[in-house]
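Engineer: Pasting in a structure now, in structure tokens, and then I'll have a few things to ask.
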Amino acid sequence: MALALGSGGARGYAHIGVIQVLEERGHEIVSVAGSSMGAVVGGLYAAGALDEYTAWVRTLRQRDVVRLLDLKLSAPGAIRAEKILARVRDLLGDVRIEDLPIPYTAVATDLYARKEVWFQRGPVDAAIRASIAIPGVITPVMLNGRLLADGGITNPVPIAPTASAQADVTVGVSLGGETRGLEGGAAVTETAEARPVEEWTDRFKAGAAQLLDRESVRSLLARLRAAPGPVEVEDDADADTVEEVERAAGHENGANGAGRRRRDDGLDDFDDLPSGMGKMAVMYHSLDAMQSVLVRYRLAGYPPDVLITVPRDACRSLEFHRAEEMIALGRELAERELDKAGL
């Protein structure tokens, strides 16, 4: 069995659950490729260190994650991630890709050449570091004249690197499934005229749920219904939660004033932005939107025999304290799809 593990931040913990189910059912994994978080989990699995990593991430709480994220607002990426990588290096040691017992490919993106890069030789930890550099979030790296960033930019579910494997079945795991309750795929038409809030509340709730907490969604809808004045938001420099890290990394912290009136930013007749919608959140949404289209095109060219899809709203990208929940979800989705395929 060949395994392609997709990109998607903390949702990538679901990969662990998928691998657990495959092993429990007696399937031998003969090749693994991964982008971003998929490269992390895939590399640790190929090196025989996934169980130790799983035990560690299950102990992480939200404050632990905030400390590990290593926020650096002045860097090319808001998060250096060196503390997380240090733990991964401890588990991997000095192992090289060509010495792994299972063929492994980490996929990154060369931002200069505008193409994906397959790492199939060299230190595993260096390949993983290149693959996880989410643009604007985790600092990119330079290697051999290449400016390397997240593999999910060009190949969110890297099936192609496993094509040469002598495998009976190829399993792909996508972390960019459609948000539950929200339409996706085909284009939709919309009016540029403001409609009553009640006409679009359900759709907004479904879309915002993947990134914003419930209180942010409720607060915004309440403000829009009541048509209040500007909202004052305090600037808190102490980040104790993942939400605060996201806002700090976005260099902004709050709504942009009341909706449907003339504003200082020149945007007339638009609604308030949600209180958690900083620059980082906008980048995440934009990357998710691009990747959802790219996944469909990529999988059309290299369709896996079994596709396991994790919804985007299952977990926010930086919620690395939700390992237990995501592993369980990965197990549930894997069991369902493998049952369908008779595997």
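The values are calculated or read from the model by the stated rules, or taken from the named source; none is laboratory data. What you see is a predicted model, and the numbers here were worked out from it, not measured in a lab. Ideal geometry is used to build each Cβ from the backbone, glycine not excepted, and the neighbour counts take in all protein chains shown. In case anyone asks, the SASA skips ligands and DNA or RNA and just uses the protein heavy atoms, side chains included. Shrake-Rupley method; radii C 1.70, N 1.55, O 1.52, S 1.80 Å.
Engineer: Mind checking whether some residue in segment 70-82 is β-branched (Val, Ile, Thr), buried (at least 21 other Cβ atoms within 10 Å of the Cβ), assigned to a strand (DSSP E or B) and modelled with pLDDT under 90? Steps first, please.
Structural biologist: Here is the first cut: in segment 70-82, the ones β-branched (Val, Ile, Thr) are 79.
From what is left, the residues that are buried (at least 21 other Cβ atoms within 10 Å of the Cβ) are 79.
Filter once more, keeping what is assigned to a strand (DSSP E or B): 79.
Restricting the remaining residues to those that are modelled with pLDDT under 90 gives 79.
Yes, there is a match, as at least one residue in segment 70-82 is β-branched (Val, Ile, Thr), buried (at least 21 other Cβ atoms within 10 Å of the Cβ), assigned to a strand (DSSP E or B) and modelled with pLDDT under 90.
Engineer: Moving on to the next point. Looking at segment 50-68, is at least one residue modelled with pLDDT of 95 or more, open to solvent by less than 10 Å² (accessible area, probe 1.4 Å) and either of a type in the set (D, E, K, R) or outside any helix (DSSP H, G or I) (or both)?
Structural biologist: Checked segment 50-68: no residue is modelled with pLDDT of 95 or more, open to solvent by less than 10 Å² (accessible area, probe 1.4 Å) and either of a type in the set (D, E, K, R) or outside any helix (DSSP H, G or I) (or both).
Engineer: Just to verify a result, which residue in segment 156-180, among those that are among the charged types (D, E, K, R) and modelled with pLDDT under 90, is least open to solvent (accessible area, probe 1.4 Å)? Before you say what the answer is, go through the steps one by one.
Structural biologist: At the first step, the residues of segment 156-180 found to be among the charged types (D, E, K, R) are 168, 178, 180.
Applying the additional criterion that residues be modelled with pLDDT under 90 yields 178, 180.
Working: 178: 75, 180: 133 Å².
For segment 156-180, the residue satisfying everything is 178.
Engineer: Could you check how many residues of segment 1-53 are aliphatic (A, V, I, L, M) and farther than 22 Å from residue 138 by Cα?
Structural biologist: 16
Engineer: Looking only at segment 17-39, count how many residues are crowded, with 24+ Cβ neighbours inside 10 Å, of a type in the set (Val, Ile, Thr) and more than 17 Å from residue 341 (Cα to Cα).
Structural biologist: Of the residues in segment 17-39, 1 are crowded, with 24+ Cβ neighbours inside 10 Å, of a type in the set (Val, Ile, Thr) and more than 17 Å from residue 341 (Cα to Cα).
Engineer: May I ask you to list pairs of residues, at least six apart or on different chains, whose Cβ atoms are under 7 Å apart, with the first in segment 317-343 being under 19 Å from residue 55 (Cα atoms) and the second being among the polar types (S, T, N, Q) and assigned to a helix (DSSP H, G or I)?
Structural biologist: Correct list of pairs: 321/62; 331/20.
Engineer: Of the conditions (1) free of Cβ contacts under 8 Å to residues at least 12 places away in the same chain; (2) in contact with a Leu (Cβ under 7 Å, 6 or more places away or on another chain), residue 99 clears all except one; give me its number.
Structural biologist: (2)
Engineer: The conditions are (1) surrounded by fewer than 16 Cβ atoms within 10 Å (Cβ to Cβ); (2) at pLDDT 95 or above; (3) under 13 Å from the mean Cα position of the chain (by Cα), and residue 326 fails exactly one of them. Which is it?
Structural biologist: Going through (1) surrounded by fewer than 16 Cβ atoms within 10 Å (Cβ to Cβ); (2) at pLDDT 95 or above; (3) under 13 Å from the mean Cα position of the chain (by Cα) one by one, residue 326 breaks only (1).
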